[in-house]
Every structure is written in structure tokens, then in C-alpha cells.
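K.L.:
Let me begin by handing over the structure; questions about it come next.
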Amino acid sequence: MTDRGAESTGTTSGSPADGNRPALNDVASSQPLVETLKNAHTRVREAENALSEAVRERDQLVRKAVEEGLSKGAVGRALGITRQAVYGLLRRTPQAHGTATDERSPDLLALRRQAKAATSWLSVAIQQTERAESEEVDGMVDGMLAVLALYVAASCAIRALGDDHPAVQQFLGDKEVGHEPLKNSRDLLAHFDAYVAGDGNLQRAEIDGQRRPNPPDARPPLMPMWGGGPEQQLTFITKTWVRSDDGKTLLLDGEPLRQAGVPCMETLDITIDLRDSLRATGEIVGECCKGAGLADRRDVRDLLARAASSADG
């Protein structure tokens, strides 16, 4: 009779005590397979290293392409990936000039959006200015469009840099070719119908900080003038209520001055030199591009140089 207790605790000859280890003859028979696995793993590691190097090289080429002016959409189409995927590649690839700027920073991304918008509108302004110059005496409409594009370009740069930036302070304080003549010209063009009707904001009387609508008998005409050629001056001649040296409307009994019932008005010239304004706007857009890390891009350099050369005539 067999002892079941001895049977349950006994071991079979040649088998491992824990039931997991292979017998010696099994190990010997598996040696070729082990070597094959090792060789396969080595090839995988070599392939992974080669792939990593290829990915790094591709990412560096993507960074270089973007910094040289190729759009992210064009890069995406070349690689067969989305624009968002291109952003992902850029985020993990340092800039060629070695700055430590975080590509994922929301502030930097917002700054770059404003900088790119500024350069786009500056490009439009350059094209319109050049067209206006080529038309000479017939360049008024192109000159007007140049003013609108310059204003938007400058506004994008100002918003990106902030009012406290030295370049912005200089631009805002420049009453010859800076923000003031550009804004006045832009406001007139944006509300051209009101000025043609003689009731534009600058044509009105300002009383207690408010500009009153002009009465029917005080609606002055508007005469646009174009300098043409190398002058590139756009001038709007109209009238406004008589003002003191500090710009305040002169009043009598709380109303704008009249003489014998006729409104007392003076000539108002709104003049902008496109070339000088183009130069000033190009400078502030250039500062914006520096802050956004875009100043070294070839297309940006070419654009800013073109704005400066156009302004020099």
C-alpha cells in the first residue's frame, strides 16, 4: 500500500524542487533560442538609436525651416502631419540661437501672434505705399489703404510690447510721424462717411470733454489731397470750430463761437507722410519681433529692411 503522505511530499527525479526551473537538458536545448533573442534585442536597440537620431535630425530641420520663414502649415504638409503636431515638434527642439525661451509659454505664444499680425499688416502697408508711389498723382486710394494697414500694424505692436516699452513711448509721443497723425488719419478713413457729411469727430466742437454733433449750418466740406511721387503725403483739408492755443473750443455762453450768426471755424489739416510713417511703424514692429524671438527670421529681416528702404526713398 502506498504512503500518500510520502507521495505528496516526494520529488520526481530530474525535476526542480520548486516545479519552476527547467531541467539541465532543457537549458542546453534552449541555448540557440537564447542567443537568437539576444541578437534580436541588440538589433532593436540599434534600430531605436537610429530612429532617435533620425527624429532628432528631423526636428532640427523643422526648427530651421520655421526660423528661415517656412510656415508651419507648409511644414505640416511636407511631413503629412497637422499644424498642431508641428507645434509639438518645435516645443521639444531648442532654438538655433540657443535661447532658453519656453516655446509653450502662453505669454510668448500671444506675443508671437501679435508680432505675426503686425508683420502681415506691415507687408500690406509696404505694398500699398509702393503702389501709391508708382501711381504718382493717382495714388490717393492706395495711400489711404496704406494708412489703414500701418495703423493696424502699429496697434498690434503696441499691444504686444505694452505702453511702458521705450519704443512705444517714443511712437506715442511722436506728433509728426508717430501715433497721433497715424491715428487721426485712420479715424478719418474709418469714418469717412461722417467726415464727408461734415460731422466727423475732429470737425466737431469739444465742450466739457465731449464732441457735439455739428449743426446743419456748420458742416464743413472735406478735400483730400495727394502729394504723389517722392513726397508721398496724404492730406485731408477741412474745418473745425475755432480753438485756443491749448486746443479747447472757444465758447460764448457755453456755445461755440459765432459771428453774425455764422460759425467761427478754422482750417484743419490732417497730414501724414507715408514714407516717414512707414519707417516709424517698421521700427516698432521690429521691436515687437525682437521680443517674440522672430527678428532673426529671414522673411522678417527682409520685410523690415524693405520698410526702412521705402521710407528712405
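The values are calculated or read from the model by the stated rules, or taken from the named source; none is laboratory data. Keep in mind the model is a prediction, meaning the values are calculated, not measured. Here the Cβ positions follow ideal geometry from the backbone for every residue, glycine too, while neighbour counts run over all protein chains shown. Areas reflect the complete protein model, heavy atoms only, side chains present, ligands, DNA and RNA absent. Shrake-Rupley method; radii C 1.70, N 1.55, O 1.52, S 1.80 Å.
K.L.:
Tell me, which helices (runs of 4 or more DSSP H) lie completely within region 149-235 with 1 or more residues that are closer than 18 Å to Thr267 by Cβ?
P.N.:
Answer list for region 149-235: 179-190, 192-196.
K.L.:
Something else now. Could you give me the residue pairs with C-beta distances under 9 Å whose first residue belongs to region 15-44 and is surrounded by 10 or more Cβ atoms within 10 Å (Cβ to Cβ) and at pLDDT below 75, whose second residue is in a helix (DSSP H, G or I) and β-branched (Val, Ile, Thr) wherever it lies, and which are 6+ apart or on separate chains?
P.N.:
Sorted first by the residue in region 15-44, then by its partner, the pairs are Arg21/Val27; Val27/Val34.
K.L.:
Scan region 162-201 for residues that are more than 15 Å from Met144 (Cβ to Cβ), open to solvent by less than 40 Å² (accessible area, probe 1.4 Å) and of a type in the set (A, V, I, L, M) and jot them down.
P.N.:
Ala167, Val168, Val177, Ala194 - these are the residues of region 162-201 that are more than 15 Å from Met144 (Cβ to Cβ), open to solvent by less than 40 Å² (accessible area, probe 1.4 Å) and of a type in the set (A, V, I, L, M).
K.L.:
From Asp273, Asp246, which residue is within 24 Å of Arg212 (Cα to Cα) and open to solvent by 20 Å² or more (accessible area, probe 1.4 Å)?
P.N.:
Asp246
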